[in-house]
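Read-outs: derived from the displayed coordinates by stated rules, not from any lab. Every value quoted in this text rests on a predicted model; they were computed, and no experiment measured them. Cβ placement follows ideal geometry from the backbone for every residue including glycine, while neighbour counts extend to all protein chains displayed.
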Amino acid sequence: MNDTERIGTLHYEGDHGTVRMVELVDTDPDDLWAALTRPERLSRWIGDVEGDLRVGSELRAKFRSGWEGTLRVELCDAPRRLRVSSTPDDDDPTEMEAWLEPEGDRTRLTIEERGLAAAALHFHGAGWEVHVQDLVQVIAGRTPPEWEPRWRELIPVYEVMRDESGADENPQPPTGSGT
């Protein structure tokens with residue numbers, strides 16, 4: 001990915017919205033699934049996640065972005081689809097979902113987070129893009145650089161997306177820097 005190529009889109013639905021990331025990752029679905037579901041792999045790109053990956057179970061998560069909370073496993077269809085819901089203490093509940101689709105020797109990864117406050121959607125878009133960049137770095141065997149400076153660098157890009165969508169809010173970053 002180059003500096004002008006964005007992998008994310010923002011979708012507004014009234015007071016809430018969805019962040020969607022799509023990236024073609026240089027690995028097979030089983031390896032990508034492991035990076036999305038195994039605690040020792042998750043810690044390399046998104047943060048610490050503890051708990052049992054079974055439908056109905058709860059996971060405790062602390063992301064590199066500063067977000068932390070409890071996630072509930074809603075759907076786990078290895079190695080194709082994973083959906084978790086979150087209920088942060090001071091925020092509206094959201095739902096995060098990942099789809100993995102093989103494309104030759106690569107895998108198309110789609111990640112969505114739905115139910116986010118529309119006023120802060122651009123912060124979350126920048127955050128998810130950095131998380132996905134980190135995942136791609138880890139899959140390639142590299143260590144991702146520091147999270148926050150890249151997030152701050154992407155915020156203006158996602159503000160432009162927000163402005164082009166017709167949303168005109170100018171809020172402060174959400175607690176925990178981003179998603």
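Per-structure values
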| quantity | calculated |
| --- | --- |
| Förster-model FRET efficiency, 35 Å R0, Glu40 and Asp92, C-beta, rounded to 0.05 | 0.70 |
| Paramagnetic reach from Arg106 (point 7 Å along Cα→Cβ, amide N under 12 Å) across segment 1-41 | 1-2, 23-28 |
| Prolate/oblate/rounded label for segment 8-53 (Cα gyration tensor, a/c 1.5) | oblate |
| Ellipticity estimate at 222 nm from DSSP helix runs (n ≥ 4, -39,500 (n - 2.57)) divided over the chain, nearest 500 | -9500 deg cm²/dmol |
| Stretch gain in nm, segment Thr70-Glu148, where the contour uses 0.36 nm per residue and the Cα spacing is subtracted | 25.9 nm |
| Glu50-Ala78 FRET efficiency (beta carbon distance; Förster radius 22 Å; 0.05 resolution) | 0.70 |
